[in-house]
Amino acid sequence: MTKLIYLGCLSLKNYEPTCKNAIKIIKFLDNEYKVLDDAPCCGSLAFNISSDEELKTHIQYVNNWFRANDITELVTICAGCYSYLTKYYKELLGTDFNVEIKHLLQFITEPRNLEKLDLQYSGKKLSINYHDACHLRNASKPIIEEPRIILKSIKNVNFNEMGYNKTNSICCGAGGGVYSIFKGNSDFNAKAIFDNMKKGKILLTACPFCYTALKRIKEENNIKKSIIKFEDFIANLMEGVDPIN
């Protein structure tokens, strides 16, 4: 029986420090979790362009890899991987797919893990906003309350709801090829998310696609607000490091 840390292709390629922070959090909470270097892509990005036959072939290949490595539990930091693994693997493989899938947010929210982390911020009261990613809020098992439970548990942190939140949150415009084909629309959406912050100047996201879109639009428009990946924020709090700088 192997517990797997599944980082996802986008994070592995572009956000190595974030991957290290996620591993640090997960292994602190349960040291039985492992990273395997040859973990295959879940196939989510190919879903919209591949034939059903090609899709099922890849999913079966990944499932065979899970079986060969005796994977029984999996924690992922990628919203896309979480959404895809929990929906389409079950739909296409049925009872042949026996891996328990969790997103990092679900994993942290487990009472024993939240208690073990005992998160707190020692500086001046921190005002935090959270963006609900489409992949998480629309998943077959939606992740909506988990980030709020985590943030509300942190001492000396104020959690603020966005103007549009939960199932009504604004899509960042990063997925489905929107940025490649309709860049203007994608840029409008990403900027609208920053405009949607009611209080404070710190925005957290638990999706690497959202983070990519929001980071780019922040830099291109010189937006004076911070966009931080959820696991980077948590890891910095664990180590007593300024989560903003």
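The values are calculated or read from the model by the stated rules, or taken from the named source; none is laboratory data. Owing to the predicted nature of the structure, the values given are computational and were not obtained by experimental measurement. Cβ atoms come from the backbone with ideal geometry, glycine included; neighbour counts cover every protein chain shown.
Side notes on the structure shown:
- Residue within segment 30-51 that is closer than 24 Å to LYS229 by Cβ, surrounded by 13 or more Cβ atoms within 10 Å (Cβ to Cβ) and of a type in the set (Lys, Arg) present: yes
- Residue check, GLY123 in a loop (DSSP other than H, G, I, E, B), small (Gly, Ala, Ser) and more than 18 Å from THR2 (Cβ to Cβ): yes
Listed here are the residues, each with its yes/no results for (1) under 30 Å from CYS41 (Cα atoms); (2) modelled with pLDDT of 95 or more; (3) not in a helix (DSSP H, G or I).
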| residue | (1), (2), (3) |
| --- | --- |
| LEU85 | yes, yes, no |
| GLU91 | yes, no, no |
| ILE108 | yes, yes, no |
| GLU115 | no, yes, no |
| ILE128 | no, yes, yes |
| ILE143 | yes, yes, yes |
| ILE150 | yes, yes, no |
| TYR164 | no, yes, yes |
| SER186 | yes, no, no |
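- Test: residue in segment 26-43 that is charged (D, E, K, R) and modelled with pLDDT under 95: yes
- Residues of segment 59-70 classified as hydrophobic (A, V, I, L, M, F, W, C) and over 16 Å from GLY43 (Cβ atoms), total: 1
- Top-ranked residue in segment 24-69 [being of a type in the set (A, V, I, L, M, F, W, C) and part of a loop (DSSP other than H, G, I, E, B); ranked as farthest from HIS103 (Cα to Cα)]: ILE49
- All positions within segment 127-158 that are surrounded by fewer than 18 Cβ atoms within 10 Å (Cβ to Cβ) and among the aliphatic types (A, V, I, L, M): ILE144, ILE149
- Given (1) out of contact with any Leu (no Cβ under 9 Å at 6 or more places or on another chain); (2) surrounded by fewer than 21 Cβ atoms within 10 Å (Cβ to Cβ); (3) touching a residue at least 12 places away in the same chain (Cβ under 8 Å), index of the condition ILE228 fails: (1)
- Within segment 192-245, the set of residues being of a type in the set (Lys, Arg) and part of a helix (DSSP H, G or I) comprises LYS215, ARG216, LYS218.
- Filtered residues of segment 136-177 (kept if among the small types (Gly, Ala, Ser), at positive phi and touching a Phe, Trp or Tyr at 6+ places or on another chain (Cβ under 7 Å)): GLY173
One line per residue, one yes/no per condition, for (1) of a type in the set (A, V, I, L, M, F, W, C); (2) surrounded by fewer than 17 Cβ atoms within 10 Å (Cβ to Cβ); (3) touching a residue at least 12 places away in the same chain (Cβ under 8 Å):
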site	(1), (2), (3)
LEU85	yes, no, yes
LYS90	no, yes, yes
ASN98	no, yes, yes
LYS102	no, no, yes
LEU117	yes, no, yes
SER122	no, yes, yes
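- Residues that are of a type in the set (Val, Ile, Thr) and in contact with a Ser or Thr (Cβ under 9 Å, 6 or more places away or on another chain), drawn from segment 188-245: ILE193, ILE202, ILE217, ILE227, ILE228, ILE244
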